[in-house]
Amino acid sequence: MSEILNVTEVSMIFGGLTAVDQVSFHMDDGEILALIGPNGAGKTTLFNLLTGVYKPTLGRVVFYGEDVTDLKPHQRVEKGITRTFQNIRLFNNMTALENLLIAHPACRGEKVTGALFGGKKLRQSRRKVVDDCEAILDIVGLLDKEEELATNLPYGKQRLLEIGRALAANPKLLLLDEPGAGMNSLEKEELSRLIGDITGKLKKNVLLIDHDMKFVMGISDRIIVLDHGEKIAEGKPDEVQNNPQVIEAYLGKGIEDDEE
């Protein structure tokens, strides 16, 4: 498999606090990579470094062989990196379809002169954009809700809609920040199938954060573990699950809680 992402000794220091400490890892084409760790481990900070919200204090990020360390968030979206957030950030007073349309590259790039004088060609282009977005709504299971306001959708469906909006930007790499947060077991099963379709059918790459160990272990090809901003383990799910350092830092408590 070819390498799509290479993160080299990345650090993020806020004043005297080191949130991410010399973390290095890579991601291969076609894999589902998970990032786990206890609260405060630096997971979301690392996501912010990958998506351009923060510029690392040290280190660099290379995406498909290009150094993107200094690129802003919208520039990284154009390169093919999109994300979702821990807290849902939909346009609540827009419909499900409109939430996707606003993220589509063709809508972002439409010029005023084209809108005024585009004629038949513009209408055809717009129809294709709608078709593209409706196809994504179908994939995330929301095609029958395309005219529904986002705010009226159940919580789990809003999560799926946010993933759909990220897909509408046509990413090569999709970062999911706790996509299963607040979902029940049935919704997480639906989410697992969706992520499988995103990687299998759509040929996108997925990097995710989640605290549900059953969900993470069941869906990930490889797992990276952070603790206090440092990478303490990396490997396949069974390797990570049996790593004594991981058990001590994170999984041990989670396993005990599950048994209770």
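The values are calculated or read from the model by the stated rules, or taken from the named source; none is laboratory data. Only a predicted model underlies this, so the values are computations on that prediction, with no experimental measurement involved. Virtual Cβ from ideal backbone geometry, glycine too; neighbours counted across all protein chains shown. We work out accessible area using only protein heavy atoms, side chains counted, and drop any ligands, DNA or RNA first. Shrake-Rupley method; radii C 1.70, N 1.55, O 1.52, S 1.80 Å.
Which pairs do you get when a residue that is modelled with pLDDT of 90 or more and assigned to a helix (DSSP H, G or I), found in the range 93-113, comes within reach of a residue that is among the acidic types (Asp, Glu) and open to solvent by less than 50 Å² (accessible area, probe 1.4 Å), reach meaning Cβ atoms under 6 angstrom, with the pair 6+ apart or on two chains? The qualifying pairs are ALA96/GLU146; LEU97/GLU146. Of the set (1) closer than 30 Å to LYS236 by Cβ; (2) touching a Gly at 6+ places or on another chain (Cβ under 8 Å); (3) loosely packed, with under 15 Cβ neighbours inside 10 Å, all apply to ALA41 but (3).
Is it the case, given these coordinates, that LEU33 is over 20 Å from LYS72 (Cβ atoms), at pLDDT 95 or above, open to solvent by less than 60 Å² (accessible area, probe 1.4 Å) and not β-branched (Val, Ile, Thr)? Yes: the conditions hold for LEU33. Scanning the range 1-11 for residues that are open to solvent by 20 Å² or more (accessible area, probe 1.4 Å) and in a strand (DSSP E or B) returns GLU3, ASN6, THR8, GLU9. Checked against the criterion of being over 15 Å from the mean Cα position of the chain (by Cα) and on the phi < 0 side of the Ramachandran plot, the range 42-53 contains not a single residue that satisfies it. Within the range 151-160, the set of residues being surrounded by fewer than 23 Cβ atoms within 10 Å (Cβ to Cβ) and either in contact with a strand residue (DSSP E or B) (Cβ under 6 Å, 6 or more places away or on another chain) or hydrophobic (A, V, I, L, M, F, W, C) (or both) comprises just one member, LEU153.
Pairs meeting the criteria (first residue in the range 189-205 and open to solvent by 50 Å² or more (accessible area, probe 1.4 Å), second residue outside any helix (DSSP H, G or I) and small (Gly, Ala, Ser), beta carbons under 8 Å, at least 6 apart or on different chains) are GLU190/GLY141; LYS203/GLY30. Of the listed requirements (1) at pLDDT below 95; (2) in contact with a Lys or Arg (Cβ under 8 Å, 6 or more places away or on another chain), GLU66 misses just one: (1). Residues in the range 199-236 that are within 20 Å of ILE81 (Cα to Cα) and among the aliphatic types (A, V, I, L, M): LEU202, VAL206, LEU207, LEU208, ILE209, ILE223, ILE224.
Residues checked against (1) farther than 25 Å from LYS201 by Cβ; (2) of a type in the set (A, V, I, L, M):
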{"residue": "ASP28", "(1), (2)": "no, no"}
{"residue": "GLU31", "(1), (2)": "no, no"}
{"residue": "PRO38", "(1), (2)": "yes, no"}
{"residue": "THR45", "(1), (2)": "yes, no"}
{"residue": "VAL68", "(1), (2)": "yes, yes"}
{"residue": "HIS74", "(1), (2)": "yes, no"}
{"residue": "THR84", "(1), (2)": "no, no"}
{"residue": "PHE91", "(1), (2)": "yes, no"}
